[in-house]
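Trainee: One structure follows; several queries about it will come next.
The values are calculated or read from the model by the stated rules, or taken from the named source; none is laboratory data. Every value quoted in this text rests on a predicted model; they were computed, and no experiment measured them. Cβ: placed from backbone, ideal geometry, glycine included. Neighbour counts: every protein chain shown. These area figures cover heavy atoms from the full protein model, side chains too; ligands, DNA and RNA do not enter into them. Shrake-Rupley method; radii C 1.70, N 1.55, O 1.52, S 1.80 Å.
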Amino acid sequence: MWCRRLPALLRAPRGGSLCAAAGARGHHGAPGALPCAWQLRRDHLELRYANTLMRLDFVWLRDHCRSASCYNSKTNQRSLDTASVDLAIKPKAVRVDETTLFLTWPDGHVTRYGLEWLVKNSYEGQKQQVMHPRILWNAEIYRQAQIPSVDCRSFLETDEGLKEFLQNFLLYGIAFVENVTPTKEDTEVLAERISLIRETIYGRMWYFTSDFSRGDTAYTKLALDRHTDTTYFQEPCGIQVFHCLKHEGTGGRTLLVDGFYAAEQVLQQAPDQFELLSKVPLKHEYVENVGGCHNHMIGVGPVLNVYPWNNELYLIRYNNYDRAVINTVPYDVVHRWYTAHRTLTTELRRPENELWVKLKPGKALFIDNWRVLHGREAFTGYRQLCGCYLTRDDVLNTARLLGLQA
């Protein structure tokens, strides 16, 4: 049964009684500790704190001990050999005060956990949190937000400019840098400010014209429907950089669509279809035999990729050009998948969700390729872009070092 300790100064009774801390008021009238209660089960500890009921496995509680002998606080690495923990371990004694859980193990070792730390790091606590805060948008929402571009010099030379850029990028999945010298070399310097450049089958930094030098529709003057890039990679490229160096002609506007916004509409309207799109694995394929380029890439994954503990979307893999033969889905599921795919496509193609941008020399665009779909309208004349892919981990690392949640 659950037990509660009423006065904060009372000691927990000895023996098998299960007790919990109750709050006491702090200085200057500030609220004290939140009510806390716990109960020992056969193989886990149940702990209620901050309106969160946590179920904490005994091995988990021993494995995550932050004592000096178990965890190196200088390197932030575990010292304890997890494989040495008895899988049938159970604490010999449990005590809770206003802020801390104390566990004494059979060998006498004492583990201490802050209650706030447990709320943040328990499975139940993580279910209530998002990994990546975002602002979902359609064209009107984005325009009304009036997100400013960041000046190139501020981006390159100040932490404030870089932080503003990264905050925009993390929240909206796109961000612009203005007044960039329109050369491939200067675009490269820009990209390297936030990440290592990811070298792919397209090279490191690439020029992009309509000469069909690669076996891809992108190397033509044709319109391109909304899509994410490199769906045929096992891990699609995280960030894409575009910089228009020259365009002598008409058309060629860039289309941007927030895939997470569209997916959220599907989740609200047809959650069963959202679930299907997040669980059915598909193959995407790129076959190229043009000139000296010979490639056959295959990537596998669902259209929507979510964290299973909180259903948070983190990657959309959507490219109708590169989707391979659907041979990973049984016949009694495939038609339902087509229905779900049609629902998502309808949302992605709603005119109100389309943000059209005319890229011009000096204005570089960074796109979260795991979230924002891009396309373009057909164009005339000579149009040259340069760009690259960035490693996602390095971009997020740069953001975290500047104090942003990423």
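Trainee: Residue-wise, which Karplus ³J(HN,Hα) couplings in Hz belong to the range 392-405, taking 6.51 cos²θ - 1.76 cosθ + 1.60, θ = phi - 60°, and x for glycine or proline?
Mentor: 4, 4, 6, 5, 5, 4, 4, 5, 5, 5, 8, x, 8, 7
Trainee: Sticking with this one: Normalised by the number of residues in the chain, what is the relative contact order in percent for Cα pairs under 8 Å and 6+ residues apart?
Mentor: Values: 801 pairs, mean separation 79.7, N = 406.
The value is 20 percent.
Trainee: Where in the range 371-399 does the label zone of Tyr321 land, with the point 7 angstrom along Cα→C-beta and an amide N cut-off under 14 Å?
Mentor: 373-379
Trainee: Let me ask you something else. Using the Karplus equation 6.51 cos²θ - 1.76 cosθ + 1.60 (θ = phi - 60°), what ³J(HN,Hα) coupling, rounded to whole Hz, does each residue of the range 377-389 give in order, writing x for Gly and Pro?
Mentor: Residue by residue, the range 377-389 yields 8, 4, 9, 10, x, 8, 9, 10, 10, 10, x, 6, 10 Hz.
Trainee: Given springs between every Cα pair under 10 Å in a Gaussian network model of the chain, which of Val306, Val325, Val241 has the largest fluctuation?
Mentor: With Cα springs under 10 Å in the chain, the top fluctuation among Val306, Val325, Val241 is at Val325.
Trainee: In square angstrom, what is the accessible area per residue of the chain with a 1.4 angstrom probe? Walk me through the numbers before you get to the answer.
Mentor: Details: 20340 Å² over 406 residues.
Normalised by residue count, the accessible surface of the chain is 50 Å².
Trainee: Counting only protein chains, not ligands or nucleic acids, how are Arg392, Arg41 ordered by accessible area (probe 1.4 Å), most first?
Mentor: Numbers: Arg392 40, Arg41 95 Å².
Ranked from most to least accessible, the order is Arg41, Arg392.
Trainee: Compute a Gaussian network model of the chain, connecting alpha carbons closer than 10 Å, and tell me which residue from Gly291, Gly251, Gly375 fluctuates the most.
Mentor: In the Gaussian network model the winner is Gly291.
Trainee: Here is a further query. Take Met297, Met205 and sort them by solvent-accessible surface of the protein heavy atoms, 1.4 Å probe, largest at the top.
Mentor: Per-residue accessible area, sorted high to low, gives Met297, Met205.
Trainee: Once label points are set 7 Å from the Cα along Cα→Cβ at both Asn289 and Lys127, what is their separation, rounded to one decimal in nm?
Mentor: Each label point is offset 7 Å from its Cα along the Cβ direction, giving 5.3 nm.
Trainee: Separate question: Give me the one-decimal nm value for the distance between modelled label points at Asn76 and His296, 7 Å along each residue's Cα-to-Cβ direction.
Mentor: 4.3 nm
Trainee: Using a 1.4 Å probe on the protein chains only, how many percent of the accessible area of the chain belongs to carbon and sulfur?
Mentor: Looking at the chain in its full context, I get 51 percent from C and S.
Trainee: Sequence-distant or interchain residues sharing an amide H contact under 5 Å with Leu282, placed H: which?
Mentor: Gly301
Trainee: Between the range 94-151 and the range 45-70, what's the alpha-carbon centroid distance in Å?
Mentor: Each part's Cα centre sits 15 Å from the other's.
Trainee: Work out from phi, with θ = phi - 60° and the Karplus expression 6.51 cos²θ - 1.76 cosθ + 1.60, the ³J(HN,Hα) of each residue of the range 308-318, listed in order in whole Hz, and give x for Gly and Pro.
Mentor: Taking θ as phi minus 60°, the curve returns x, 7, 10, 6, 7, 6, 10, 7, 10, 10, 10 Hz for the range 308-318.
Trainee: Long-range amide H contacts for Leu315: which residues qualify at under 5 Å (H placed 1.01 Å from N, peptide plane, sequence gap of 5 or more or a different chain)?
Mentor: Residues meeting the amide H criterion: Asn305.
Trainee: Between Thr328 and Tyr314, how many nm apart are label points set 7 Å from Cα along the C-beta direction?
Mentor: 1.8 nm
Trainee: Would you compute, from DSSP H runs of 4+ residues alone, the mean residue ellipticity of the chain at 222 nm, taking -39500 (n - 2.57) per run and dividing by the full residue count, rounded to the nearest 500?
Mentor: That calculation yields -7000 deg cm²/dmol at 222 nm.
Trainee: Which value, in Å² rounded to 10, gives the accessible area of Asp225 with a 1.4 Å probe and all protein chains present?
Mentor: Estimated to the nearest 10 Å², Asp225 gives 40 Å².
Trainee: Something else now. Multiply the residue separation of Lys120 and Glu352 by 0.36 nm, subtract the distance between their alpha-carbon atoms, and state the gained length in nm to one decimal.
Mentor: On the way: separation 232, 0.36 × 232 = 83.52 nm, distance 3.78 nm.
Here the answer is 79.7 nm.
Trainee: Another one. May I ask you to list the residues of the range 98-126 whose amide nitrogen lies under 15 Å from a point 7 Å from Cα along the Cα→beta-carbon direction of Ser69?
Mentor: 103-112
Trainee: If you count only protein heavy atoms and use a 1.4 Å probe, how large is the accessible surface of Tyr321, to the nearest 10 Å²?
Mentor: Its accessible surface works out to 110 Å², give or take rounding.
Trainee: Cα atoms only, the chain: Rg and Dmax in Å?
Mentor: 26.5, 85
Trainee: Restricting to lysine pairs 8 or more places apart or on different chains, what number in the chain have Cα atoms under 17 Å apart?
Mentor: Qualifying lysine pairs in the chain: 9.
Trainee: Using modelled backbone amide H atoms (1.01 Å from N, in-plane), which distant-in-sequence or interchain residues come within less than 5 Å of Leu245's amide H?
Mentor: Under 5 Å from the amide H of Leu245: Gln384, Leu385, Cys386.
Trainee: Which residues in the range 246-261 have a backbone N closer than 16 Å to a point placed 7 Å from the Cα of Thr183 along the Cα-to-Cβ line?
Mentor: Label zone hits: 246.
Trainee: Something else about it: Picking from Ala37, Ala83, Ala364, which is most flexible by a Gaussian network model of the chain using Cα springs under 10 Å?
Mentor: Highest fluctuation among the options: Ala83.
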